[in-house]
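Data first, discussion second: the structure below is written as structure tokens.
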Amino acid sequence: MSTSIGGVPDGAAVGHPRSGTGGMLGSSGLALYFSGATGKARIMEDSAIDEICALAEKHGLELDPHSLTINELGLDFQVAIGTTNTGDSWVLRIPRRPDVTERAAIEGRLLRRLAPHLDVAIPDWKIHSDTLIAYPLLPGEPGLTLTEEGQPQWHFALESREYAHSLADFLAQLHAVDPTEVIDSGIEVFTPSSVRQQKREDIARVVKEFEVSAELQERWSRWLADDRYWPEHTTLTHGEIYPAHQLMTGERIDSILDWTTAAIGDPARDFVFHHASVSATAFNATVDRYVAQGGVVGPLIAEHCVELFSTAAVDYGLFALQTGNAEHLKAAAAQLNP
């Protein structure tokens, strides 16, 4: 059994440094990319069914209790799918911690402003409170799920030209959105210089709190000091573009999920997982199509993606510090000093 319950993994933890500049993230690396996630979709216990149905009903949504399934992949939300008595399928996101609520409010405002600018579907929150977010199920099937054993399971041809073009077209359209259209949603806004400074500060904090290998510290110092890697412009970015957040029909992207990490920032962040997952040929095909559609990339886009991917361990360390969860702290420590 995999986590295919309509494609709603939400905020999966990420992070494991990878050396080299080639693509093709292997199964072991992908499993580490999902660190901290259970990777399970299951039928819920009766008590949980009753609790979620009661929560939904309190918000005016009556669900068939026999239809409910849950996805435990997300670190920020418990995610379930249920069907109403009239046959409509809904996604329910239930915050795991109080700090998630404020960020969710920003995400909700962003989604409302962004929807008219994109050809792909994005969540349309019909219900939004401190205890529940719910929206009609989006079109498409998840591009990536995890098995019960936590192993990645791809559901489309990752190397195909059709997928490269679909991803590139979406990213070009997203990155072309005028930042003034979405800034008032409250998302973070970075300039080219502050992108690098923020990464420098994030690394410094993690180095202070964890034992980080000297090799990683030296690697990141060289990267931060080299102007060739860093963007000369910033754009609206999703922040976690990878196939578990993509609902697909064949190799075409229909919908994009989980906009929690969206920001005005380095456009390369939306290429990172793709670079780690595909061959150089497929990655170059995506970049070429993106540029043809009006996108702009730096001269070392592939190499920059490698370094950004290596700092996913930093992002996970920051998350672990934020939550204070012992399991996450232990996992982050292992990634930062492999």
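Restricting 133, 127, 122 to those that are at pLDDT 95 or above, touching a Lys or Arg at 6+ places or on another chain (Cβ under 6 Å) and among the hydrophobic types (A, V, I, L, M, F, W, C) reduces the list to 133.
Yes/no per residue for (1) in contact with an Asp or Glu (Cβ under 7 Å, 6 or more places away or on another chain); (2) surrounded by fewer than 21 Cβ atoms within 10 Å (Cβ to Cβ); (3) over 26 Å from residue 321 (Cβ atoms):
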position	(1), (2), (3)
70	no, no, yes
77	yes, no, no
81	no, yes, yes
85	yes, yes, yes
90	no, yes, yes
113	yes, yes, yes
119	no, yes, yes
129	no, yes, yes
137	no, yes, yes
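For the stretch 218-238, the candidate set comprises residues that are within 25 Å of the chain's Cα centre (by Cα) and surrounded by fewer than 18 Cβ atoms within 10 Å (Cβ to Cβ); within that set, the residue that is nearest to residue 190 (Cα to Cα) is 233. Applying the selection to the stretch 182-191, what residues are part of a helix (DSSP H, G or I) and surrounded by 14 or more Cβ atoms within 10 Å (Cβ to Cβ)? Result: 183, 185.
Being surrounded by 17 or more Cβ atoms within 10 Å (Cβ to Cβ), farther than 21 Å from residue 253 by Cα and of a type in the set (A, V, I, L, M) is a property that residue 172 lacks.
Quick one: in the stretch 245-271, which of the residues that are modelled with pLDDT under 95 and among the β-branched types (Val, Ile, Thr) is farthest from residue 139 (Cα to Cα)? So, considering only residues that are modelled with pLDDT under 95 and among the β-branched types (Val, Ile, Thr), the one farthest from residue 139 (Cα to Cα) is 261. Of all the listed residues (234, 191), the sole one being under 21 Å from residue 266 (Cβ atoms), among the hydroxyl-bearing types (Ser, Thr, Tyr) and in contact with a strand residue (DSSP E or B) (Cβ under 6 Å, 6 or more places away or on another chain) is 234. Listed by position, the strands (runs of 3 or more DSSP E) contained in the stretch 61-112 that have at least 3 residues being farther than 27 Å from residue 181 by Cα and either among the hydrophobic types (A, V, I, L, M, F, W, C) or without any contact (Cβ under 8 Å) to a residue 12 or more places away in the chain (or both) are 77-83, 89-95. Any residue in the stretch 281-294 that is crowded, with 20+ Cβ neighbours inside 10 Å, in contact with a strand residue (DSSP E or B) (Cβ under 9 Å, 6 or more places away or on another chain), polar (S, T, N, Q) and more than 24 Å from residue 205 (Cα to Cα)? No: the stretch 281-294 contains no residue that is crowded, with 20+ Cβ neighbours inside 10 Å, in contact with a strand residue (DSSP E or B) (Cβ under 9 Å, 6 or more places away or on another chain), polar (S, T, N, Q) and more than 24 Å from residue 205 (Cα to Cα).
Residue count for the stretch 113-125 under the criterion of being touching a residue at least 24 places away in the same chain (Cβ under 8 Å) and of a type outside the set (Lys, Arg): the result is 8.
Scanning the stretch 139-154 for residues that are closer than 22 Å to residue 289 by Cβ, in contact with a Gly (Cβ under 8 Å, 6 or more places away or on another chain) and buried (at least 19 other Cβ atoms within 10 Å of the Cβ) yields a count of 2.
Is the stretch 49-65 home to any residue that is under 24 Å from residue 316 (Cα atoms) and either modelled with pLDDT of 50 or more or exposed (fewer than 14 other Cβ atoms within 10 Å of the Cβ) (or both)? Checked the stretch 49-65: no residue is under 24 Å from residue 316 (Cα atoms) and either modelled with pLDDT of 50 or more or exposed (fewer than 14 other Cβ atoms within 10 Å of the Cβ) (or both).
The values are calculated or read from the model by the stated rules, or taken from the named source; none is laboratory data. This one's a predicted model, so the numbers in the text were calculated from it and none came from an experiment. Virtual Cβ from ideal backbone geometry, glycine too; neighbours counted across all protein chains shown.
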